[in-house]
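> There's a structure below that I have some questions on.
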Amino acid sequence: MTEREEPAAATVAIHPLLRQAVLFFVAALVLIPLVATALGGFKSLGDLRVDPFGLPTSWEWRNYWDILAGARYWRQMGNSFVIAVLTVALTVTVSAMAAFVFVHVRFFGSAFLFNYLLLGLMFPAATAILPLFIKIRDLGLLDTYWGVVLPQVAFGLAASILLFRNYFRQLPAELIDAAAIDGCGYFGFFRYIVLPLSRPILATVAVITFVHSWNGYLLPLVVLNREALYPWPLGIMAFQGEYSTDWHLVLAFITLTVAPAVVMFFAAQRYIIAGLTTGSLKG
């Protein structure tokens with residue numbers, strides 16, 4: 001090996017180590033807060049204040065058991081589940097059909113309409129919370145599930161349509177030609193050919209939408225007034241007193257409520273990776 005080749009070989013050998021170091025650092029940034037939160041739920045309030053990141057001095061299993069044994073926790077989990085499922089169902093259905101139209105149906109103004117929808121990526125719901133509250137009140141949807149679900153669907157359509165459109169464009173154009181020869185219309189092609197081939201992107205959009213809805217706080221806080229309809233993010237207020245907060249119970253509550261979203265993400269991780277990578281092959 002010549003002198004010029006030696007530095008190049010050394011550089012190539014460093015790259016895997018550097019990549020692993022970066023991945024380890026990113027994983028630590030994600031896992032350390034999650035582990036600290038779960039362990040904090042096993043501590044007493046005094047132990048948490050003295051050593052917030054260490055192991056518990058005595059494991060307080062009662063913190064988790066009291067939450068699981070309470071009816072409030074299961075009611076709030078049920079409310080979050082209903083809101084998230086309705087949001088996912090509407091978002092996936094509407095965005096998949098809209099993206100299919102943008103890819104396979106040619107009509108005047110399609111490019112302008114698509115770019116107009118993408119403007120929704122620039123404006124989160126928090127920027128329009130006051131006019132959104134007024135519109136929900138005028139429609140009589142205050143203090144209902146639909147008052148939370150419909151705005152979440154509206155603000156999630158832009159990103160979902162973009163993901164579906166990029167994926168649908170990867171499907172072979174010969175499929176629709178073959179379907180047309182067999183007498184299959186647009187709806188039949190979408191129902192029997194496109195959807196079965198789009199399981200990765202369907203899982204991707206469903207999980208992203210579910211997690212976003214599951215963790216939503218601001219919109220339910222503005223729309224919902226009855227405690228019976230509160231999702232889990234609003235349930236944290238039950239542990240906040242006038243002068244103090246039971247942080248050990250808050251951490252235990254957060255651990256129990258975030259767990260379903262984490263489990264769902266890992267269960268669909270293979271489909272999510274396939275959906276995102278396939279949709280990024282072309283512009």
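The values are calculated or read from the model by the stated rules, or taken from the named source; none is laboratory data. It should be emphasised that the depicted structure is a prediction, and the values quoted were computed from it without experimental measurement. Backbone-built Cβ (ideal geometry, glycine too); neighbour counts: all protein chains shown. For the accessible areas, the whole protein counts, side chains as well, though only heavy atoms, and no ligand, DNA or RNA atoms are used. Shrake-Rupley method; radii C 1.70, N 1.55, O 1.52, S 1.80 Å.
> Among the listed residues Arg165, Arg199, Arg169, identify the single one that is charged (D, E, K, R) and touching a Lys or Arg at 6+ places or on another chain (Cβ under 7 Å).
Checking each option against the conditions leaves just Arg169.
> Identify, please: which residue in region 56-93 is β-branched (Val, Ile, Thr) and surrounded by fewer than 17 Cβ atoms within 10 Å (Cβ to Cβ) and is, among those, nearest to the chain's Cα centre (by Cα)?
Val85
> Quick check on region 48-77: of everything there that is aromatic (Phe, Trp, Tyr) and at pLDDT 85 or above, which residue is farthest from Pro231 (Cα to Cα)?
Here the answer is Trp59.
> Since Leu45 meets every condition but one in (1) hydrophobic (A, V, I, L, M, F, W, C); (2) modelled with pLDDT of 85 or more; (3) over 15 Å from Thr255 (Cα atoms), which condition does it not meet?
(2)
> Let me ask you something else. Count, please, the residues in region 251-283 that happen to be of a type in the set (Gly, Ala, Ser), assigned to a helix (DSSP H, G or I) and at pLDDT 70 or above.
Of the residues in region 251-283, 4 are of a type in the set (Gly, Ala, Ser), assigned to a helix (DSSP H, G or I) and at pLDDT 70 or above.
> Does Gly120 satisfy the condition of being of a type outside the set (A, V, I, L, M), under 19 Å from the mean Cα position of the chain (by Cα), part of a helix (DSSP H, G or I) and modelled with pLDDT under 85?
yes
> For region 70-117, give me the residue count where each residue is among the hydrophobic types (A, V, I, L, M, F, W, C) and not in a helix (DSSP H, G or I).
3
> Does region 126-144 include one or more residues that are acidic (Asp, Glu), open to solvent by less than 80 Å² (accessible area, probe 1.4 Å), more than 30 Å from Val194 (Cα to Cα) and not in a loop (DSSP other than H, G, I, E, B)?
Scanning region 126-144, I find no residue that is acidic (Asp, Glu), open to solvent by less than 80 Å² (accessible area, probe 1.4 Å), more than 30 Å from Val194 (Cα to Cα) and not in a loop (DSSP other than H, G, I, E, B), so the answer is no.
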